[in-house]
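Scroll down for the structure; my scribbles are underneath it.
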Amino acid sequence: MNEDWDLLVSFLPSDWQKLAHETGTLKGLRKDKSVENLLRTLLLHLGCGHSLRETVVRARKADLADLSDVALLKRLKKSKEWLHALCVRLFQEHGVAVATHGDFQIRAFDATTVKEPGRTGGLWRIHYSVSLPSLACDFFKLTPTEGPGTGESFSHFPIRHGDYIVADRGYSTANGIGHVVGAGGHVSVRVNTSALPLRTVRRGKLFDLLGAVTSLKRAGTVRSWPVRVDVKDGMSVTGRVCAIRKTEEAIRIAHEKLHRTASRKGTQLQPETLAFARYVIVFTTFPESSFTASEVLEWYRIRWQVELVFKRFKSLAQLGHLPKYDDESAKAWLYGKLLVALLVEKLIHHAVAVSPWGYNLEAASTAQCVA
C-alpha cells in the first residue's frame, strides 16, 4: 500500500503540499492536519468510489484519519480550491502546444453536462478548451446550467492574441464571434443557420446561404464565400463561409436524426432544415492566405476529439454521477474526479511511452525501493 502511494505521489505536481497550505485547505482543522493523509482519505472517496461513511471507516482502520462522515464532507468542501489547483497544475504540465506545421495555436472549445443522481438532481456544465493536435487541456470552468451566462459561450474562455479557436454550432452567435475577434483571436465555428445572420460584405444585405450551398452538387465538393457578421455597437466581423457537401449516407443519417428529434418533440421539420443538413457549413475568420477552405473544414473535423476527452473523463472517473449535497461540495467532488482522471491518464501515458516500469525515475526518486 505504501509503495503504491509513493509511486502515485511521484505523479502529483511537485508543489502539491504547498498548494494545500496556499489554498487554506488545512485552515481551521484541529487534528489530522497531515496533507498526505488528507489526500489519501479524499482519494478513498473520489478514486475508489466509496461512500462517505465507508470512507471514514476505511481511513480509521488504515490510521489515516479518525473523523465522521459529516467531518469528511466538510473537509471535501474545504479542499475545493486545492483540488482545482492540482488539476490546473497537471494541465500546465502539458504546456501550450503549437501545431506541427505552422506557427499558430489551435484551440477547440466545448462543454458537457454532469448530473446529480435522483429525479431532483441538479445539473452542472463543464466548459473545456483543448489544444490541437496535442489534446492537452489548457482551460476548464464549472458553472450551473441555468441562469444568465451559464450556456455555451466564448465569453467563458480566456482568449489570447493570435489564438485560433474552433467550436461547434452551440457557440455560433454574433456576440461570441465578436468577443474572440475583439481579443485578437481567430475563430472557426459551425454555422447555426437559425442563430447567426450572415450578410454580404459590400452592401450588407442578408446573405443567401441556402442558395449558395445548394450549388454544391457532389459529395466532397468544397467552396467558400466572403461574408460579414454584425456584432454589437455597430461593429462587424468579416470572414468566410466554408461548406462541404456530405455523402448520401451521411445525409441519410442526418435526416433520420432530425426526424427522430422532431417526432420526440412533436414538431414539424421545415424544408430548409432538411436542405441545410446535406452540408457542413463553417464561418471562419482564419486568414485565407494561410488556410484554404478545405483546411478550415479539416480543422473543424478534428474538434470532435474534444468530445472524446469528455467521454473518457466520464468513463475513467464516473464523472456523470455527482453526489447531491450542496453546491460547494459538488464542485469539490467534481474537481476531485477530474484530478483522478488526469492522474490516470498521466499514469497510462508514462506506462506506454516512458519506460517498461511505468514511471519516471527522476520524478520517483523519493519512492521506496521495490523489494
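The values are calculated or read from the model by the stated rules, or taken from the named source; none is laboratory data. Remember, it's a predicted structure, so these values are computed and weren't measured experimentally. Positions of Cβ are generated from backbone atoms using ideal geometry, with glycine treated the same way; all protein chains shown enter the neighbour counts.
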Fill in the blank from the handout: Here the qualifying pairs (Cβ atoms under 9 Å; residues six or more apart or on different chains; first in the range 216-231 and within 17 Å of Ser188 (Cβ to Cβ); second hydroxyl-bearing (Ser, Thr, Tyr) and part of a strand (DSSP E or B)) come out as Ser224/Thr284; Pro226/Thr238; Val227/Thr238; Arg228/Ser236; Arg228/Thr238; Val229/Ser236; Val229/Thr238
Handout entry: Residues located in the range 207-220, provided they are more than 19 Å from Thr238 (Cβ to Cβ), out of contact with any helix residue (DSSP H, G or I) (no Cβ under 8 Å at 6 or more places or on another chain) and surrounded by 13 or more Cβ atoms within 10 Å (Cβ to Cβ)
Key = Leu216
Exercise for the section: For the range 251-259, indicate whether the set of residues that are touching a strand residue (DSSP E or B) at 6+ places or on another chain (Cβ under 9 Å), within 30 Å of Thr200 (Cα to Cα) and either of a type outside the set (Ser, Thr, Tyr) or modelled with pLDDT under 95 (or both) is non-empty. Expected result: yes
Completion exercise
Turns out the helices (runs of 4 or more DSSP H) fully within the range 6-67 with at least 2 residues that are within 20 Å of Tyr335 (Cα to Cα) and either under 28 Å from the mean Cα position of the chain (by Cα) or in contact (Cβ under 8 Å) with a residue 60 or more places away in the chain (or both) are 16-22, 35-46
Exercise for the section: Among the residues of the range 185-211, write down those that are closer than 24 Å to Glu298 by Cβ and either in contact with a His (Cβ under 6 Å, 6 or more places away or on another chain) or not aliphatic (A, V, I, L, M) (or both). Expected result: Gly185, His186, Ser188, Arg190, Asn192, Thr193, Phe207
Practice task
Taking the options Leu72, Leu142, name whichever one is assigned by TED's automatic domain parsing to the domain that holds Tyr335 and either modelled with pLDDT under 90 or surrounded by 16 or more Cβ atoms within 10 Å (Cβ to Cβ) (or both).
Solution key: Leu72
Exercise for the section: Considering only the range 154-200, state which residues are within 21 Å of the chain's Cα centre (by Cα) and on the phi > 0 side of the Ramachandran plot. Expected result: Gly162
Exercise for the section: Inspect all residues belonging to the range 183-205 and state whether any of them is without any contact (Cβ under 8 Å) to a residue 12 or more places away in the chain and not in a loop (DSSP other than H, G, I, E, B). Expected result: no
Practice task
Could you look through the range 206-263, keep only residues that are charged (D, E, K, R) and in a helix (DSSP H, G or I), and pick out the one that is farthest from Ser290 (Cα to Cα)?
Solution key: Arg260
Practice task
Those residues that are over 13 Å from Leu343 (Cα atoms) and either crowded, with 18+ Cβ neighbours inside 10 Å or among the charged types (D, E, K, R) (or both), I need them from the range 75-95; list them, please.
Solution key: Arg75, Leu76, Lys77, Lys78, Ser79, Lys80, Glu81, Trp82, His84, Ala85
Exercise for the section: Tell me, please, whether a residue that is in contact (Cβ under 8 Å) with a residue 60 or more places away in the chain, of a type in the set (S, T, N, Q) and within 16 Å of Phe276 (Cβ to Cβ) can be found in the range 207-215. Expected result: yes
Handout entry: Test for Ala243: is it surrounded by 14 or more Cβ atoms within 10 Å (Cβ to Cβ), modelled with pLDDT of 90 or more and either of a type in the set (Gly, Ala, Ser) or outside the structural domain of Gly184 (by TED's automatic domain parsing) (or both)
Key = yes
